Amino acid sequence: MSRRQTNPNKRATTPATRCAIYTRKSSDEGLQQEFNSLDAQREAAEAYIASQKAEGWVCLPERYDDGGFTGGNMDRPALQRLLADIEAGKIDCVVVYKVDRLSRSLTDFARIVEVFERHKVSFVSVTQHFNTTQSMGRLTLNILLSFAQFEREIIGERIRDKIAASRQKGKWTGGRPILGYDVDRSNGSPRLIVNAAEASRVRQIFDLYLELGALLPVVAELDRRGWRNKVWTTRQGRRRGGLPFDKGQLYRLLTNVLYMGKVTHKRAVYSGEHEAIVSEEVFQRVRQQLARNGRNGAVEGRNRHGALLRGLLHCKACGRAMSHTFTTRGNRRYRYYTCTNAAKRGRAACPSRSLPAGEVERAVVEQIRCIGEDPEVLRDTLAEVRSRADGMIEHLVGERREIERALARLHADIRRTTGGNSGAVTAPRIAELNEQVRFAEGRVAEIDAHLAELRRERVREEDVAAGLADFDEVWKSLSPRERIRLLRLLISRVEYDAADSSIEITFHPTGIKSLAAGDGADGKHVEDAA
């Protein structure tokens, strides 16, 4: 019987397990030290790998260190390099000091583990003994990670509750400094104190808007004076602000309740601890003027030549506005409406010719007058107004839905940011996100108010009839400026079709009902409604 010969000099070899060490610290505080937290984590992992030398474990020299990065997301350079090397087949095992060093999010961790399993890479935590190659190890890992995510969410909830409680007490909880105030941090929590020089400018800006009545003229005057927005310095020593005002920045300044000595949280307004710069009476007057003018400023306030249809009349052929212009011959002035497309690109660009202003304005007024006299026209007008109101409601509901989704993303970003639990690094980002949330919630409040108005002011046939019954008397009693405001109350758009020389009027959903309620009975009410 023959025996199989073996080589006595040949030893059994264990395949090498290439181990990569991943370390992370949420804040960059202390990383400049000679021996920091990342070094301590790596030293512990290296000692663990050395203890497994008999199993063939080998520590790779490549360092995967994320200093100053939260574990709430995967936007970390060293983590991305680690995953790329795993994809390339360079790593057999990933070693960390604790599970939450790799991730604090269950969703992100599931993605990372999926990469590990796809490439047969094991995962080891030095201080929490388990092995992901076994079912019990995977269960233990998920339990530990669930607690890590729970801890992160609890921290986020505590921060949000603290902000809510602080706002209810009138405290300013942070954000970008605004013109008129400085931030005092001497008592630990930030507090707004009045900057006398800037406060004087803020009051003058409010007075300028009440005097000029529109955003753009105020912006031009501020630019002429060389006034700029707030200049401030970040905690990192970077200079911010000091830029010229634009229309959007001016609008935000004029609508900021902080200047009234108040603070907001979501849709609620509370009395603030800080001193007011602008009186509530002035603030409300500015708010009412903005509401009358709309976000883009007072179009009628710039209408020096009494053009009734300025901003309302459009060319149907090309969809452009028809601007008001005039020529002078001798002592007579001839007014016209001209398509802006033709004015910019030449007559060949648009089939609509210049329209005599007086004739087209009389035609529009006559068409409004006829609505109250013809029942069939009345019903058609009512159907169009209702359809337009329904369309606006549908659009606003859709916009609100989009904003709610955006708010959900912002709150998720806040939770991820707070997950790092590094106050010095995340505080500016949290303030920025909270500012975005404030503006989004403000827009939701505006939409809700507009929806409530549209649903409350549903137009009925008797409303239209009542509103236009005394149209002639109302029209005769109004000044030219009041007539402009009345048309803006009733009409949202007038289209001129050059093909058949016809005029089509689109009414505001609530305009006729406002007229029926008496808002057009005298000049004061017309201005308020506009």
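Of the listed pairs Lys316/Lys476; Lys98/Lys120; Lys53/Lys120; Lys25/Lys90; Lys344/Lys476; Lys247/Lys344, which have alpha-carbon separations greater than 27 Å here? Where the Cα-Cα span goes over 27 Å, the pairs concerned are Lys316/Lys476; Lys344/Lys476.
A simple spin-label model places the labels of Arg225 and Glu394 4.7 nm from each other, with each point 7 Å out along Cα-to-Cβ.
For segment 183-270, just say rounded, prolate or oblate: build the C-alpha gyration tensor, square-root its eigenvalues into a ≥ b ≥ c, call rounded for a/c under 1.5, and beyond that prolate if a/b exceeds b/c, oblate if not. The shape class here is oblate. Fully extending the segment from Arg287 to Ser271, taken as 0.36 nm per residue of separation minus the present Cα-Cα distance, adds 3.9 nm. Taking every C-alpha pair closer than 8 Å and separated by at least 6 residues, the mean separation divided by the residue count of segment 20-109 gives a relative contact order of 42 percent. Once both labels are positioned 7 Å from their Cα atoms along Cα-to-Cβ, the gap between Ala110 and Arg158 label points is 2.7 nm. In terms of the mean number of neighbouring beta-carbon atoms within 10 Å, the peptides 244-250, 211-217, 329-335 order highest first as 211-217, 244-250, 329-335. Multiplying the residue separation of Phe35 and Glu211 by 0.36 nm and removing their Cα-Cα distance gives an extension gain of 57.0 nm. Tell me the label-point distance for the pair Asp246, Arg191, using the 7 Å Cα-to-Cβ offset, in nm and rounded to one decimal. So the label points at Asp246 and Arg191 sit 3.7 nm apart. Taking the average, over residues, of other Cβ atoms within 10 Å as the packing measure, peptides 284-291, 175-182 rank 175-182, 284-291 from highest down. Given their separation in residues at 0.36 nm each and the Cα-Cα distance between them, Arg455 and Glu87 gain 126.7 nm when the chain is fully extended.
Report the residues of segment 220-234 in range of a label on Ser200: point 7 Å along Cα→C-beta, backbone N strictly under 14 Å from it. Once the point is set 7 Å along Cα→Cβ of Ser200, nothing inside segment 220-234 turns out to lie under 14 Å by backbone N.
With the highest mean first, a sort of the peptides 93-99, 487-493, 351-357, 473-479 on other beta-carbon atoms found within 10 angstrom per residue produces 93-99, 487-493, 351-357, 473-479.
Note on Cys370 and Asp448: with the Förster distance fixed at 35 Å, the Cβ-Cβ geometry gives a FRET efficiency of about 0.45.
Values quoted throughout were computed directly from the atomic coordinates according to the rules given, and no laboratory measurement underlies them. Treat the numbers as computed from the prediction; the structure is a model and nothing was measured. So basically every Cβ, Gly included, is an ideal-geometry build from the backbone, and we count neighbours across all protein chains shown.
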